[in-house]
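Colleague: Got a structure for you, questions after.
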Amino acid sequence: MSARVRVASGVAALANCLTAGAPFTFPLWAPTLERTLHLSSSQLNIVASAAILGEYASAAGFGALADRRGPGAVSFAAAVLFGVGFGGLAWRYQRGADWNGAGGQPWEYEWAALSLAWFICGCATAASYFGAITSLTKSAPSSHSGLAIGVPCAVFGLSPLFLSAIASFFTTHTATGETLDVAKYLSFLGALLLAVNFIGGSLIKELPWEDNLDKVIVDAIEPFDDEARVDEPDSGFATSPPRSITDEANERTSLLGKPAPALEASSGSQPFTAVLASPCFWLLGGVVFLSTGPAEMYMASVGQILDTLVSNSVAAGATTQSALTLAKRHIALLSVTNTAWRLIVGAASDYLAAPSDKQAPVSVWRRHVRLILVGAACALLAATYGWGGTGLSTPSGLWIITLLTACSYGTVFTLTPTLIRSRWAVVDFGRNWGAATLFSAAGALLFTPLSGVLRDLASRKDGDGPRCVGPRCYRPIFALSAVSALLATALVAVLARRWKKRL
């Protein structure tokens with residue numbers, strides 16, 4: 001395969017990753033959307049959840065499509081979806097702003113129209129991401145599986161920083177602070193993402209490495225069942241079960257062995273039912289559900305939390321920066337930390353999981369190092385949100401929560417697909433990881449709307465009107481998030497115990 005084709009495919013895939021994180025821009029324009037269209041906190045969080053639902057509900061489908069039809073086809077789909085989704089958002093926002101400016105009231109169900117458009121953008125994000133990561137994962141040597149996933153995940157983590165930086169060109173400065181032209185910003189994002197993904201559809205390809213091809217052939221001829229497929233050097237689980245005497249070669253054994261079924265030999269694919277039948281898949285999914293759900297909620301709601309904290313500080317007579325300025329900086333911190341940490345944890349997991357002596361047995365802790373790191377991330381998230389629910393009271397205190405959320409979220413989303421890649425057939429990686437992301441979707445769809453409901457209840461309690469001010473607006477959801485992350489840590493311990501028994 002031409003090196004030029006491989007480089008062009010890789011660059012186009014990384015460009016997809018760099019622009020795919022559109023849902024993370026929501027905190028930039030959510031407060032303006034809430035005020036202009038007179039949305040309640042519950043309605044605003046339903047809109048935020050729509051992109052999460054679209055992203056994860058379509059993930060398995062786009063992952064399977066990338067496996068079967070190639071990543072380029074999925075990138076073409078992303079181009080169309082981004083154009084339709086962002087175009088619809090800009091149109092509905094502008095209509096509502098015009099009604100509001102004329103002294104009228106926006107449509108009663110404007111939140112539903114916005115949710116539909118944002119849902120389409122979420123689907124586009126999944127298509128763009130899976131087109132890129134499937135190409136890069138299958139085009140990298142298996143010995144660098146951590147970096148093969150860590151690099152595109154890291155570039156995807158830079159996406160919010162890149163897209164929020166673009167917002168500066170659509171921001172005007174006034175005496176009261178900064179104002180974002182939401183309609184123009186959303187229209188530009190739609191045009192940009194349509195172009196990037198359309199070009200990616202022509203360039204992104206699946207270009208397997210030679211050792212990956214060898215692995216597929218070995219998997220087809222000597223398949224592992226779900227409970228035994230755990231002895232690969234980078235899997236971190238158990239060794240192969242003992243072979244029976246009848247399995248040993250002797251002078252009467254055919255040199256070619258038993259012929260493998262034609263379908264298995266050509267693909268090495270596993271039935272999806274075999275994956276779903278594994279308790280380990282569901283335990284790992286539970287970890288994703290309980291840890292990334294609260295993290296997704298925080299990233300979608302950081303703009304509203306900042307609005308609450310800034311309003312509270314102003315009411316107390318303190319001087320602080322505008323909520324929009326702080327939101328840009330928090331998104332930048334999330335983005336940069338996600339990027340750096342995913343690269344670090346991906347490379348570190350590869351290094352720590354590799355045996356120091358290739359001839360010696362792999363130690364227990366090296367087998368489980370990726371799972372240990374995931375457990376540590378969940379415990380860190382529990383401690384972070386526990387403090388948010390008890391000690392947070394000023395905008396300055398939110399920086400540590402943003403930083404540690406990015407580290408924990410990046411760890412789970414980098415190492416979980418690596419565990420899935422190691423345990424189940426690599427040719428089905430897109431499908432399997434896409435299915436696992438549904439657990440994250442379920443968690444986000446629980447915690448993000450719940451955050452809005454609790455915020456509305458806090459607003460109505462003291463008659464604050466549509467805006468909620470004070471710690472009571474965010475402390476209940478932080479407390480629930482801390483409990484959830486603590487349960488995720490416990491599930492990691494259960495999973496480690498199951499895998500340890502097979503050593």
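The values are calculated or read from the model by the stated rules, or taken from the named source; none is laboratory data. Keep in mind the model is a prediction, meaning the values are calculated, not measured. Every residue, glycine as well, gets a Cβ built from its backbone with ideal geometry; the counts of neighbours run over all protein chains shown.
Colleague: So if I check each of G96, G54, G72, which one is closer than 18 Å to C121 by Cα, assigned to a helix (DSSP H, G or I), of a type outside the set (D, E, K, R) and touching a residue at least 24 places away in the same chain (Cβ under 8 Å)?
Modeller: Step by step, each of G96, G54, G72 is checked, and only G54 is closer than 18 Å to C121 by Cα, assigned to a helix (DSSP H, G or I), of a type outside the set (D, E, K, R) and touching a residue at least 24 places away in the same chain (Cβ under 8 Å).
Colleague: Read through the list (1) over 23 Å from A132 (Cβ atoms); (2) crowded, with 23+ Cβ neighbours inside 10 Å; (3) not hydrophobic (A, V, I, L, M, F, W, C), then give the number of the only condition that Q94 fails.
Modeller: (2)
Colleague: Moving to a separate point now. For the range 394-432, which positions are closer than 22 Å to S484 by Cα, touching a Ser or Thr at 6+ places or on another chain (Cβ under 9 Å) and among the small types (G, A, S)?
Modeller: Residues satisfying the conditions are A406, S408, G410.
Colleague: Let me ask you something else. Looking at (1) modelled with pLDDT of 90 or more; (2) more than 30 Å from T36 (Cα to Cα), which is the one condition that is false for I477?
Modeller: Status for I477: all satisfied but (2).
Colleague: Also, I was wondering about something else. Return only the number of the condition from (1) modelled with pLDDT of 85 or more; (2) crowded, with 23+ Cβ neighbours inside 10 Å; (3) under 17 Å from the mean Cα position of the chain (by Cα) that L14 does not satisfy.
Modeller: Looking at each condition in turn, L14 falls short on (2).
Colleague: Have a look at L81, L89, L65, L53 and point out the one that is at pLDDT 85 or above, closer than 22 Å to K138 by Cα, crowded, with 19+ Cβ neighbours inside 10 Å and not small (G, A, S). Talk me through it step by step, then tell me what you get.
Modeller: Working: L81 fails: closer than 22 Å to K138 by Cα; L89 fails: closer than 22 Å to K138 by Cα; L53 fails: closer than 22 Å to K138 by Cα.
Exactly one residue qualifies, and that residue is L65.
Colleague: Suppose we filter R370, R366 for residues that are in contact with a Leu (Cβ under 8 Å, 6 or more places away or on another chain), more than 20 Å from T448 (Cα to Cα), modelled with pLDDT under 80 and not β-branched (V, I, T); which single one remains?
Modeller: Details: R370 fails: modelled with pLDDT under 80.
One residue alone meets the criteria, R366.
Colleague: Continuing with the same structure: Quick check, is A113 touching a Phe, Trp or Tyr at 6+ places or on another chain (Cβ under 6 Å) and in a helix (DSSP H, G or I)? Step through it out loud before you land on a result.
Modeller: Values: touching a Phe, Trp or Tyr at 6+ places or on another chain (Cβ under 6 Å): no; in a helix (DSSP H, G or I): yes.
Here the answer is no, as A113 does not meet what is asked.
Colleague: Condition first: within 20 Å of T179 (Cα to Cα), under 21 Å from the mean Cα position of the chain (by Cα) and not in a loop (DSSP other than H, G, I, E, B). Can you find one or more residues in the range 80-93 that meet it? Give the derivation first.
Modeller: Looking only at the range 80-93, we keep the residues that are within 20 Å of T179 (Cα to Cα), and these are 86, 89-93.
The next check asks that each one be under 21 Å from the mean Cα position of the chain (by Cα); those that pass are 86.
Keeping just the survivors that are not in a loop (DSSP other than H, G, I, E, B) gives 86.
Yes; the residues of the range 80-93 include at least one that is within 20 Å of T179 (Cα to Cα), under 21 Å from the mean Cα position of the chain (by Cα) and not in a loop (DSSP other than H, G, I, E, B).
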